[in-house]
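Peer 1: Have a look at this one.
Values quoted throughout were computed directly from the atomic coordinates according to the rules given, and no laboratory measurement underlies them. For clarity, every value in this text was computed on a predicted model and none was experimentally measured. Every residue, glycine among them, receives a Cβ derived from its backbone with ideal geometry; neighbour counts consider all protein chains shown.
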């Protein structure tokens, strides 16, 4: 593992899960004007002067109360209100990429993850009854049969594939057909039922690029609530080099040396992942330093 920082994975907060059933403590914190509340209109938040707006409890509208946790003695909640309260200055998580405060990012991805889950999980998968939130937003219980549903996270692997040995090794990047010209990134895909992380890396790389992978090692992870993924970053060693893309998810894949990557990124002919993406962290780990170019 490297010291490379991964966005959304720094500065974790204490989720104080044991407080989700402590009604007297919750009431006390809700009466404290120092408590911070993030208001979501469905799955959107309001911006003030380009920054995410946090309010005190008495300023928050009615809605589903979600306990996010505590940091530095300050308790943070979210309130998931009706989407109808949103105005033009409200945005989803994708719209926050350029203004997000890394210190606040763990609270935001926690809140968005719960909001997206509640929004998408309306009916019981056993009987079709309606769900109601429990445990301050972290459990849904069917009002008919009593079945409990817990937040779901979809594991996905994202990997930098390399060929050869440092400093002469190469990095494999691919591009999706819908991307603008010149945009390339690391390969990625969801873990299927019954698969290990290593098996998923090898399968996805071969399906998308035709490359066979041997050794797979863990790099780091990134929560990605769009809508509910956990990106598992891996380092993968290729055992073959001939590219044969699937033509659907990946229309092209290329091997890059460090010199080629730097030159094309500086020229603007190669468009690399943005700094908030674990993909960029993976590529810079291989490259050895910060890279020019942005998405």
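Peer 1: Could you compute the FRET efficiency for residue 64 and residue 230, with r as their C-beta to C-beta distance and R0 at 22 Å, rounded to 0.05? Present the calculation step by step, with values, prior to reporting the outcome.
Peer 2: On the way: r = 23 Å, r/R0 = 1.04.
The formula returns an efficiency of 0.45 here.
Peer 1: Right, something else. Which length gain, in nm to one decimal place, applies between residue 244 and residue 24 when the Cα-Cα distance is subtracted from 0.36 nm times their residue separation? Don't skip to the answer; put the middle values down first.
Peer 2: Details: separation 220, 0.36 × 220 = 79.20 nm, distance 6.11 nm.
Separation in residues times 0.36 nm, less the Cα-Cα distance, equals 73.1 nm.
Peer 1: Identify the residues of the stretch 50-74 with backbone N under 17 Å of a label point that sits 7 angstrom from the Cα of residue 139 along the Cα-to-Cβ direction, or state none.
Peer 2: So the set is 65-68.
Peer 1: So, one more: Can you give the helix-only mean residue ellipticity at 222 nm for the chain, where every DSSP H stretch with n ≥ 4 adds -39500 (n - 2.57) and the sum goes over all residues, rounded to the nearest 500 deg cm²/dmol?
Peer 2: -6000 deg cm²/dmol
Peer 1: Rounding to the nearest 10 and keeping the result within 0 to 90°, find how far the Cα-based axis of helix 197-209 lies from the longest principal axis of the chain.
Peer 2: With rounding to tens, the tilt is 60 degrees.
Peer 1: To the nearest 10 degrees, how steeply does helix 278-287 sit against the main Cα axis of the chain, on a 0 to 90 scale?
Peer 2: Helix 278-287 sits roughly 30 degrees off the main axis of the chain.
Peer 1: With a 10 Å cut-off between alpha carbons and a GNM built on the chain, which of 37, 99, 201 moves the most?
Peer 2: For the chain, modelled as a Gaussian network with Cα springs under 10 Å, the answer is 99.
Peer 1: Put a dot 7 Å past each Cα toward the Cβ at residue 88 and residue 72; how far apart are the dots in nm?
Peer 2: About 3.4 nm, to one decimal.
Peer 1: If the chain between residue 53 and residue 217 were fully stretched, how many nm would it gain, using 0.36 nm times the residue separation less the Cα-Cα distance?
Peer 2: 55.1 nm
Peer 1: Sorting 121, 143, 35 on the 10 Å Cβ count, fewest up front, what's the list?
Peer 2: 143, 121, 35
Peer 1: Moving to a separate point now. Once R0 is set to 22 Å, what does the formula 1/(1 + (r/R0)^6) return for the Cβ-Cβ distance between residue 127 and residue 150, expressed as a FRET efficiency to the nearest 0.05?
Peer 2: Details: r = 17 Å, r/R0 = 0.79.
Result of the calculation: an efficiency of 0.80.
Peer 1: Considering the chain as a Gaussian network with a 10 Å cut-off on Cα pairs, which listed residue, 76, 18, 285, attains the greatest mean-square fluctuation?
Peer 2: 18
Peer 1: Compute the helix-to-body angle for 105-120: its Cα long axis versus the longest principal axis of the chain, expressed 0 to 90° and rounded to tens.
Peer 2: For 105-120 against the chain, the angle is about 80 degrees.
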